[in-house]
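**Student:** Here you go, one structure.
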Amino acid sequence: MSIKKIAILTSGGDAPGMNACIRAAYLAARNEGIEVIGYQHGYNGLLKQDFVEFEHRDIRNLIQRGGTVLYSARCEKFTKEEHRIKAAANLDEAGIDGLIVIGGNGSFKGAELLQDIWDKPVIGVPGTIDNDIAGTDYTIGYHTAIQTAVESIDKVRDTADAFERIFIVDVMGREAGFIALNSAIAGGADHVVLPETFESAADELVRILDKLDQRRKNHANSSHIIVITENLWPGGLNILCDSLQTETGIDTRILTLGHVQRGGSPVWQDRILASKLGAFAVEMVINDERGRMAGIRHRYPESVPLGTSREDRKPLNHYSMSMLDKITLLG
């Protein structure tokens, strides 16, 4: 199949490096004489036939910008077949020979369903700070989110030390503990609470108190940093905060990082990852691959079925988990 024009869209939660991926895909496509358009606001733009035709000036100074110049959104309509049929018709009407979807699990589900009814390549590129997509070592935006979390932990450690406080640092990740685990290691946290290992609030509270007690025995005056994945503690973090303050007598505070983790200029790891995956996605379209994801394995791009990327739960690094316990025991 001769490829003359491809389309790109960004969907779901934004992630630092999405713009770098758009830039790389555009440059790789133009190098092959392929036109590139970008649908705005995710699948919503596809349904409304709302797109921009990229030119060289549009991608200047784009690699370092956070967010996405194509904007992003969630699209409930896309769950219904009638709207996906409309989307396929719009792609044909615009003369599109392949679609690249940059997003996470929900975006990939939409891409899979679209591929079922559209007879041209739909390629997913993993763009989510959560790093929860199977079939790829890393996702675009993940490294920047960790950097943001670590910088915040470093700063809050200063005030924690000044007042000998406990700080609970709430990071993103949804149902995956990748950001929490690795920011805890890099930030020198005393404990981390992960969805992959969390069983009950009562058991986890005992583990936290044991760890804090051991640290206080070694350092009479010290601060304590606990990192936890968002929406994990039953009833909310105020309950954990009150429990720790009651049991330890130490002033305890909560730091919720929230959406700040999605923003900012992408770090070099995300710029390189996004560039590799954007260029590789164009190769996949040219090779007429369908219903696939452009992933990264051992630093090399790899083609993975979209279904596999969504259905398998991506495991945490077990050595990192055990290592954190070893290097925080004495504090």
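The values are calculated or read from the model by the stated rules, or taken from the named source; none is laboratory data. This one's a predicted model, so the numbers in the text were calculated from it and none came from an experiment. Cβ coordinates were reconstructed from backbone atoms using ideal geometry, including for glycine residues, and neighbour counts include every protein chain displayed. SASA here: full protein model, heavy atoms, side chains in, ligands and nucleic acids out. Shrake-Rupley method; radii C 1.70, N 1.55, O 1.52, S 1.80 Å.
**Student:** Express in Å², to the nearest 10, the accessible area of residue 256 obtained by rolling a 1.4 Å probe over the protein heavy atoms while all chains stay in place.
**Tutor:** Its heavy atoms expose roughly 90 Å² to the probe.
**Student:** Now, a different point. How much solvent-accessible surface does residue 257 expose, in Å² to the nearest 10, with a 1.4 Å probe and all protein chains in place?
**Tutor:** 20 Å²
**Student:** To continue, here is another question. By how many degrees, 0 to 90 and rounded to 10, does the Cα axis of helix 178-187 deviate from the longest principal axis of the chain?
**Tutor:** 50 degrees
**Student:** Normalised by the number of residues in region 143-263, what is the relative contact order in percent for Cα pairs under 8 Å and 6+ residues apart? Walk me through the numbers on the way to the answer.
**Tutor:** Details: 186 pairs, mean separation 49.2, N = 121.
That works out to 41 percent.
**Student:** Springs between alpha-carbon atoms under 10 Å, Gaussian network over the chain: tell me which of 303, 243, 11 tops the mean-square fluctuations.
**Tutor:** 243
**Student:** Provide the net charge surrounding residue 72, with neighbours chosen by a C-beta distance below 11 Å and charges set as Lys +1, Arg +1, Asp -1, Glu -1.
**Tutor:** Around residue 72, the surrounding residues sum to +1.
**Student:** Apply the a/c threshold of 1.5 to the C-alpha gyration tensor of region 1-143 and tell me whether it is rounded, prolate or oblate.
**Tutor:** oblate
**Student:** Same structure again: Treating region 143-263 as a set of equal point scatterers at the Cα positions, no solvent, please give the Debye-formula log₁₀ I(q)/I(0) at q = 0.18 Å⁻¹.
**Tutor:** -0.89
**Student:** Given labels modelled 7 Å from the Cα in the Cβ direction, how far is it in nm from residue 186 to residue 288?
**Tutor:** Between residue 186 and residue 288, the label points sit 4.3 nm apart.
**Student:** At 222 nm, what helix-only mean residue ellipticity would the chain give, in deg cm²/dmol to the nearest 500, using -39500 (n - 2.57) for each DSSP H run of four or more?
**Tutor:** Using -39500 (n - 2.57) per qualifying helix, the result is -14000 deg cm²/dmol.
**Student:** A further question follows. Springs between alpha-carbon atoms under 10 Å, Gaussian network over the chain: tell me which of 201, 274, 184 tops the mean-square fluctuations.
**Tutor:** Residue with maximal mean-square fluctuation among 201, 274, 184: 201.
**Student:** While we're here: What is the pair-distance distribution P(r) of the chain, computed from all Cα-Cα distances in 10 Å bins starting at 0, with each bin given as a whole percent?
**Tutor:** Bin by bin from 0 Å, the calculated values are 6, 26, 29, 18, 13, 6, 1, 0.
**Student:** Which lysines have a Cα less than 29 Å from the Cα of residue 211, not counting those fewer than 8 places away in the same chain?
**Tutor:** Residue 211 reaches 155, 314, 326.
**Student:** Just tell me the longest site-free run in the chain, where the sites are GluC sites (Glu not before Pro) in a DSSP loop having at most 15 other beta-carbon atoms within 10 Å.
**Tutor:** Counting at most 15 other Cβ atoms within 10 Å as exposed, the longest clean stretch of the chain is 200-331.
**Student:** Now, a different point. Give the angle, between 0 and 90 degrees and rounded to the nearest 10, that separates the Cα long axis of helix 105-117 from the longest principal axis of the Cα atoms of the chain.
**Tutor:** 20 degrees
**Student:** I would also like to ask the following. Can you give me the Cα centroid spacing of region 199-213 and region 70-115 in angstrom?
**Tutor:** Spelled out, the Cα-based centre of one part sits 45 Å from the other.
**Student:** Let me ask something else. Restricting to the chain, compute how many DSSP beta bridges are antiparallel as a %, nearest 5.
**Tutor:** DSSP beta bridges in the chain are roughly 20 percent antiparallel.
**Student:** Let me ask another. Specify the angular offset, from 0 to 90 degrees and rounded to the nearest 10, of the alpha carbon long axis of helix 81-93 from the longest principal axis of the alpha carbons in the chain.
**Tutor:** Once rounded, the angle reads 50 degrees.
**Student:** Can you give the accessible area per residue of the chain, in Å², using a 1.4 Å probe?
**Tutor:** 44 Å²
**Student:** On the full set of protein chains, 1.4 Å probe, figure out the accessible area of residue 79 and give it in Å² to the nearest 10.
**Tutor:** 90 Å²
**Student:** Where does the charge balance sit around residue 137 when Lys and Arg score +1, Asp and Glu -1, over other residues with C-beta under 9 Å from its C-beta?
**Tutor:** Taking every Cβ under 9 Å from that of residue 137, the sum is +2.
**Student:** Hey, in the GNM for the chain with a 10 angstrom Cα cutoff, which one of 51, 198, 178 fluctuates hardest?
**Tutor:** Answer for the Gaussian network model of the chain: 198.
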